[in-house]
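K.L.:
Could you have a look at this structure, given as structure tokens, before my questions?
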Amino acid sequence: MADIIQLLPDHVANQIAAGEVIQRPASVIKELMENSIDAKASSIKVVVKDAGKTIIQVIDDGLGMSTTDARLCFERHATSKIRTADDLFNIHTKGFRGEALASIAAISHVELKTKIESLELGTQIYIEGSKVISQEAAVMPKGTTISVKNLFYNIPARRNFLKSNTVETRHIIDEFHRLALAHPQIAFTMLNNGSTVFNLPTTSKRQRIVNIFGAKTNEKLVPVIEETDIVKVEGFVIKPQFAKKSKGEQFFFVNNRFIKSPYLNHAILSAFEGLMKEGMHPGYFLFLEVDTKSIDINIHPTKTEIKFDDEHSIYAMLRSSIKHSLGQFSIAPVLDFKKNSELDTPYAYNKKNPVSPTIEVDRNFNPFMRDTPVRSKTASWEAMYVGLKQDEAQSGKHIEFESKEVNGSLNDTYEEETGQTTFQLQNKYIISLIKNGILVIHQNLAHQRVLYEEILKNITLQEAVSQQLLFPLKLQFSKPDIEIIKSIQEQLEHTGFVFSTLKDDTLEISGIPVAVLESDIKNVLEQLLADIKGEVPDAGFSQNDLLAKSLAKSLAVKVGTSLNKEEQEHLIHQLFACKEPAVSPNNKPVLITLDVAGIDKKFM
Ligand code: ADP
Ligand code: MG
């Protein structure tokens with residue numbers, strides 16, 4: 001047989017390699033920012049448009065590159081950071097593979113401008129899909145500016161794979177956070193679609209955290225400091241009472257590199273044991289320093305995983321130092337030697353008497369009882385579907401009962417005899433007797449389905465009713481969380497939210513959906529943020545869908561809530577007015593039927 005193996009041309013090889021390094025605009029931001037950090041920049045500016053889909057620009061005042069290097073840096077395996085194989089075991093820079101720029105240049109239009117201190121003139125190169133289009137001299141200060149346009153222009157499949165701007169922007173902000181947190185001695189700014197999202201001056205670790213996540217964060221931080229022969233730990237954990245339902249602020253750095261380590265995360269969780277409710281996630285910003293020779297950062301191409309030589313000792317040490325800090329904090333909460341006066345209470349509040357916080361727990365929480373508007377609103381909405389419903393029920397299209405005969409026959413002879421068609425089982429299931437057997441409905445999932453369809457309809461038709469709050473509700477969220485809320489502001493308003501302020505880290509709400517209690521708002525929004533952040537990339541759900549699912553989940557009547565007969569019937573009615581009563585918004589079964597024939601079988 002003839003020889004058939006060929007070497008791939010460089011630009012093809014680069015394009016393939018790019019797939020591994022550059023998954024989305026955020027990967028470009030990460031690689032470019034890392035290069036600027038490696039180039040010892042003292043100030044880094046990131047400019048993004050359309051979530052990086054149109055343009056990404058990173059501007060630094062670092063070392064810059066010579067004219068030759070400016071051209072060479074786009075070659076694969078071109079790096080100034082390692083020279084020999086031995087260097088691989090002693091890495092002090094972010095990059096070392098020499099792949100990033102080659103990959104980026106293979107799949108976009110890149111303009112590089114760079115100048116080193118000792119030269120009068122800089123150089124400017126324009127590259128399209130790995131091909132150098134032009135190179136000329138440029139007048140500019142020391143440093144490097146890289147602009148990446150039309151990412152994935154030559155890989156439509158990839159481009160189509162990108163998520164909504166909200167999701168992609170979130171990924172970008174995540175990467176930005178990680179690098180900004182690890183390098184407080186560098187000033188960072190970020191502009192998104194022309195507006196400044198972050199402006200972070202050079203500062204301390206603590207102040208950097210506060211600058212990113214909002215002034216309120218400061219009082220939540222508990223310092224953690226410990227040093228042993230193998231590892232030095234420094235950083236902060238967030239007080240247990242501020243633990244969240246989502247994995248919000250969990251940052252773990254090793255030698256200033258952000259990493260993910262489920263194993264060490266477990267060490268942190270176990271240090272919080274007994275201090276927070278089951279299922280909550282503690283926040284932390286922890287910086288570990290270990291000998292570069294004792295870790296292997298080589299195992300993952302995007303380098304968020306790491307291998308330690310002595311993982312077990314690090315686990316134990318981390319756990320005990322956090323426990324120690326938390327313990328100390330509970331004995332002497334005011335001890336904070338590194339207190340930064342800038343972060344103190346603003347002058348105007350100094351003389352005010354502190355108000356002791358109250359916790360509002362509504363033990364009688366029952367979404368069926370509290371708001372008459374909900375009912376009437378739902379009722380009119382029900383009316384919309386009833387006609388439609390009957391047709392569909394008759395055709396059996398949506399509800400796949402084991403026995404077709406049960407369709408639409410909820411109130412039957414039994415009711416006439418006893419006046420009761422439903423029972424609640426363990427405050428969890430609603431049992432309804434039907435013509436041919438028994439219907440078992442999961443109350444929480446059923447209500448989720450009802451709310452989901454209602455919310456989705458409200459968002460689409462924009463006709464939600466809102467309840468005006470007597471006093472606007474002021475809530476503190478991190479800046480990035482506010483950005484997320486901003487990006488879905490319109491949809492939220494369609495569900496009944498009215499925002500009076502929405503900027504920096506403050507959110508002021510003057511109206512809320514009628515179905516929501518004011519005391520629940522913070523939880524509802526937190527859950528929503530968690531859901532948005534945890535959204536499986538590429539799952540292909542729309543924002544509206546996600547929003548409706550999340551709100552439905554937060555607001556649905558919980559398992560454990562006792563419902564009276566009227567409420568049970570009301571829920572069943574609402575459920576069967578839904579387009580798809582048989583499945584929850586997350587595709588779980590909402591109801592099952594046991595028909596007599598099925599029951600008979602059990603007795604054979
Ligand atoms: P790596 O960072 O792994 O070395 P890259 O492809 O990211 O590989 O970059 C290639 C080389 O280009 C770097 O090693 C560095 O010498 C040079 N370089 C890239 N970005 C910058 C920058 N912002 N300032 C100075 N030099 C840079
Ligand atoms: Mg690099």
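Laboratory data are not the source of any read-out in this text; all were calculated from the coordinates shown. Because the structure is a prediction, the values reported are computed rather than measured. Note that we place each Cβ from the backbone using ideal geometry, even for glycine, and neighbour counts take in every protein chain shown.
K.L.:
Using a simple charge model, +1 on the beta-carbon of Lys and Arg, -1 on the beta-carbon of Asp and Glu, nothing else, what dipole does the range 1-83 show about its Cα centre, in debye to the nearest 20?
P.N.:
Roughly 240 debye for the range 1-83.
K.L.:
Hand me the GluC sites (Glu not before Pro) from the range 436-481 located in a DSSP loop with no more than 14 other Cβ atoms within 10 Å, in residue order please.
P.N.:
Here the GluC sites (Glu not before Pro) that fit, given the DSSP loop and packing criteria, are Glu463.
K.L.:
Still on this structure, please answer the following. Applying 1/(1 + (r/R0)^6) with R0 = 35 Å to the Cβ-Cβ distance of Lys81 and Asp3, what FRET efficiency is obtained, to the nearest 0.05?
P.N.:
In this case the efficiency is close to 0.40.
K.L.:
Additional query: Which of the trypsin sites (Lys or Arg not before Pro) found in the range 10-82 are in a DSSP loop and have at most 15 neighbouring Cβ atoms, other than their own, within 10 Å?
P.N.:
Answer by residue number: Lys40, Lys81.
K.L.:
Also, quick follow-up: Rounded to the nearest Å, what's the spacing between the alpha carbon centres of the range 113-132 and the range 213-275? Just the number, please.
P.N.:
41 Å
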